[in-house]
Amino acid sequence: MIEVYKSVESADGRANYADRTLFGLVSDHGLVYTPRLVSTDELLFDAMRAEGIRISYQKLTHDEGGLPAIHGRRNIKSTRPLDAVVGSTAGGSYIIDLFDIRGLQGDDLAWQRHPGYHALRGHRLLSGQTIDWIEQIKRRLKDTMDLALIREYVPSSDERWSAEVESVVRIISPNRGEARVYRIRKSDDKTDQTVLYRYEVLGEQDPLGLVASVREYWIPPDGRSVEQVREAIRECMDAAEGCQDHRWQGLLSTTLRADVVYQFSHLYDSNRAGTINVFPLRHVGMNSDVHGRHAGEAFGEKSGTQLYFGAQLKHASLQTARNGSLPVTLYHWFVGDERFYDSESEVSPAEQFGYPSLMDEPAFESIR
């Protein structure tokens, strides 16, 4: 592709277009080897039934590696009357959708109302039985689950938090305690949105083990030591209102839990995100016949590459970036600052596009 740009003569007589083109390349995801494959359906739902819990469920998706199947419109299966619908993604996650039992009596929007953490401690099934989902998940998946995520607060729920709190996501683990991720908006001023992310450990153990997961070989060569990075993470964890996203992102890029605070906070922005999201232990594949999972929470599944070249760029590196920034960066380079930063807009480019442009990074100084 580069050779094509080099070989085409430009209309103004310049030799080629390669030196005035910014190329962008981004990979999809990494991969984690999973020598242990398990059926979460059997470990959870079948085991519950064996103990007399009358729970009904339906699998929404086929297991990773299984034969493809097409269900025509006439063969669509109803989710009523069911207690749960489950799905899995490439062995790296397991999603359980539960429903507001009141809505199952005839409300077509019942699927939009997910029971939160506290409601799940005493969730009533269609059979009339009541179960503690948190206890069931912890006990039955203790040998295969890394952690699970559950909504603790969303604005549409009946629970009330501070007006500044946008969402709270609860993190549970089988034997490493629990934690919360808060998203806090400190300003209503559209020209100066300040969003903070707070990570609160509930108890003595951190279920994510953020401080211990720092790796020296991921720290950029800026003179910081492992202990200095760990101390900076502790400061964000101890801060009453947390830290801004860019600080969390930079610090966590040196850990085994890359970008975890931001990602967990935004997982439940959509009511299509399921009720309980389970992530397996490293080297465990959930509902998969393939010995290599992706779409999970481990660093290996998230590790990708962004590469920008051409346009007389200097040699430089970016410590961390989200894939969504690539098209925004290319657009910013193409239209220039004047059009990208519209002075009449009340919303920042990051708010408009959903991801920030990386042209604000020092690596792009030579072309600004």
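Of the residues screened, residue 224 is one that is in a loop (DSSP other than H, G, I, E, B) and either closer than 20 Å to residue 300 by Cβ or not assigned by TED's automatic domain parsing to the domain that holds residue 146 (or both). If I ask for residues that are assigned to a loop (DSSP other than H, G, I, E, B), on the phi < 0 side of the Ramachandran plot and of a type outside the set (Asp, Glu), which ones from segment 322-368 would you list? Across segment 322-368, the qualifying residues are 322, 323, 324, 341, 343, 345, 347, 348, 355, 356, 357, 368. Within segment 258-273, being on the phi < 0 side of the Ramachandran plot, outside any helix (DSSP H, G or I) and within 11 Å of the chain's Cα centre (by Cα) holds for 258, 273. As a summary of the residue check, residue 289 satisfies the conditions (1) in the same structural domain as residue 135 (by TED's automatic domain parsing); (2) under 22 Å from the mean Cα position of the chain (by Cα) except for the one numbered (2).
Tell me yes or no: at least one residue of segment 288-302 is surrounded by fewer than 21 Cβ atoms within 10 Å (Cβ to Cβ), of a type outside the set (Ser, Thr, Tyr), under 19 Å from residue 44 (Cα atoms) and touching a residue at least 60 places away in the same chain (Cβ under 8 Å). Scanning segment 288-302, I find at least one residue that is surrounded by fewer than 21 Cβ atoms within 10 Å (Cβ to Cβ), of a type outside the set (Ser, Thr, Tyr), under 19 Å from residue 44 (Cα atoms) and touching a residue at least 60 places away in the same chain (Cβ under 8 Å), so the answer is yes. Taken together, the criteria exclude residue 116 from residues that are more than 30 Å from residue 298 (Cβ to Cβ) and at pLDDT 90 or above. Of all residues in segment 238-257, those that are buried (at least 17 other Cβ atoms within 10 Å of the Cβ), outside any helix (DSSP H, G or I) and of a type in the set (A, V, I, L, M, F, W, C) total 2.
Per-residue answers, yes or no, for (1) of a type in the set (Phe, Trp, Tyr); (2) assigned by TED's automatic domain parsing to the domain that holds residue 128; (3) at pLDDT below 85:
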residue	(1), (2), (3)
12	no, no, yes
22	no, no, no
43	no, yes, no
50	no, yes, no
59	no, yes, no
65	no, yes, yes
80	no, yes, yes
95	no, yes, no
100	no, yes, yes
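The single condition from (1) over 25 Å from residue 244 (Cα atoms); (2) assigned to a loop (DSSP other than H, G, I, E, B) that residue 319 fails is (1).
Name every residue in segment 181-200 that is surrounded by fewer than 18 Cβ atoms within 10 Å (Cβ to Cβ) and at pLDDT 95 or above, in order of residue number. Explain how you work it out, then say what you get.
Step one: of segment 181-200, the residues surrounded by fewer than 18 Cβ atoms within 10 Å (Cβ to Cβ) are 185-195, 200.
If the condition is that a residue be surrounded by fewer than 18 Cβ atoms within 10 Å (Cβ to Cβ) and at pLDDT 95 or above, then 200 is the only one that fits.
I'm checking my understanding of the structure. Among residues of segment 321-366 that are β-branched (Val, Ile, Thr) and either within 18 Å of residue 306 (Cα to Cα) or assigned by TED's automatic domain parsing to the domain that holds residue 187 (or both), which one is nearest to the chain's Cα centre (by Cα)? Write out each step before concluding.
As a first pass, look at segment 321-366 and keep what is β-branched (Val, Ile, Thr): 328-329, 335, 347.
With the extra rule that they be either within 18 Å of residue 306 (Cα to Cα) or assigned by TED's automatic domain parsing to the domain that holds residue 187 (or both), the set shrinks to 328-329.
Working: 328: 20, 329: 21 Å.
Taking the candidates together, the pick is 328.
Take the conditions over 29 Å from residue 98 (Cα atoms), surrounded by 14 or more Cβ atoms within 10 Å (Cβ to Cβ) and at pLDDT 90 or above and apply them to residue 210. Does it pass? The answer is yes for residue 210.
The values are calculated or read from the model by the stated rules, or taken from the named source; none is laboratory data. Since this is a predicted model, take the numbers as computed values, not measurements. A quick note on method: Cβ atoms are made from the backbone with ideal geometry, for glycine too, and the neighbour counts reach across all protein chains shown.
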